[in-house]
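Written below as structure tokens is the structure these notes are about.
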Amino acid sequence: MIDFRSLYHLLQVPDDSSDDEIKSAFRRLSKAEHPDKHGNSPESNARFRLLLNAYTVLADPEQRKEYDTYLKVRARTYAPGKVLQKRKKGGTESPAMMTSHLNFLLWDIEDFLLDKNDDDLNQTIGNHTVRYYLLLILTFIDKWVLETAGYPDYFMEARQLKKIDPREYVTILGSGRGTGAHISYTGVVDYFYDIRKRMDRFLAGIKARDLFEKNAGGELRLADCIIEAQNLAVHYLSYLLHPESGSMEEIPPFLYSCQSFLS
């Protein structure tokens, strides 16, 4: 059974493992969980994709450092048995396994927002505010996960309004000016709860086969978008949740794994 309380648990290694121990664990698990040994099913592909991402993050010194920081300062702790149930015949746990990390990241954002006021959100880190960095996370989840999965911004869809680039959400909502001509949200908190509601519907309906269907552009799969959103959120939250974030000169930009994510 693959245990997703953290990337370390996925690879079945302690969090102080050496690079060689992490590499050895990945090789062992990737052989056992390779899709070729499990009929190339969507469930086996999801398990293998998670293992590959865990290794990719933990094998990179900078990404591992950010992930370790996030684990230390995050608001919640993964509870054994809470995220994943014991695997049943047919691997029905895979969709939950793929999305559970993202779900917990949203809970961390919610806790963070409940603990902050407008002055806190307006605090600057380098050239940008805390609100700006939160919106970078939320708009990516909105566009690349929820929209790709078929859970778009229904306000925009119902009114047949021109589609707004996610970066415009960051600019308009981040300015604190409130509702714009084509924006249904009064601020980052309102926007977050809309995303939270859509995410709950998405999580309730996700099927393993949906994870590996190509999106409209033909290049990316929903699984790719989920993994990228998780890694992006961890990157920024590792800095935002840090007690000394206010003294930082800048948060380095997230390095996207694919050029398409920049569009």
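Residues in region 1-46 that are modelled with pLDDT of 85 or more and among the charged types (D, E, K, R): D15, D16, D19, D20, E21, K23, R27, R28, K31, E33, D36, K37.
Residue under question is A96, and the condition is that it be of a type outside the set (K, R), assigned to a helix (DSSP H, G or I) and modelled with pLDDT under 80; does it hold? The answer is yes for A96. All conditions but one from (1) within 21 Å of Q63 (Cβ to Cβ); (2) of a type in the set (D, E); (3) in contact with a helix residue (DSSP H, G or I) (Cβ under 8 Å, 6 or more places away or on another chain) apply to D20; the one that does not is (3).
Does S18 satisfy being in contact with a His (Cβ under 7 Å, 6 or more places away or on another chain) and either surrounded by fewer than 20 Cβ atoms within 10 Å (Cβ to Cβ) or in contact (Cβ under 8 Å) with a residue 60 or more places away in the chain (or both)? Judged against the criteria, S18 is not a match.
Condition first: buried (at least 20 other Cβ atoms within 10 Å of the Cβ), in a helix (DSSP H, G or I) and under 18 Å from the mean Cα position of the chain (by Cα). Can you find one or more residues in region 24-46 that meet it? For region 24-46, residues buried (at least 20 other Cβ atoms within 10 Å of the Cβ), in a helix (DSSP H, G or I) and under 18 Å from the mean Cα position of the chain (by Cα): present.
The values are calculated or read from the model by the stated rules, or taken from the named source; none is laboratory data. As the structure is a prediction and not an experimental result, all values here were calculated from the model. Cβ: placed from backbone, ideal geometry, glycine included. Neighbour counts: every protein chain shown.
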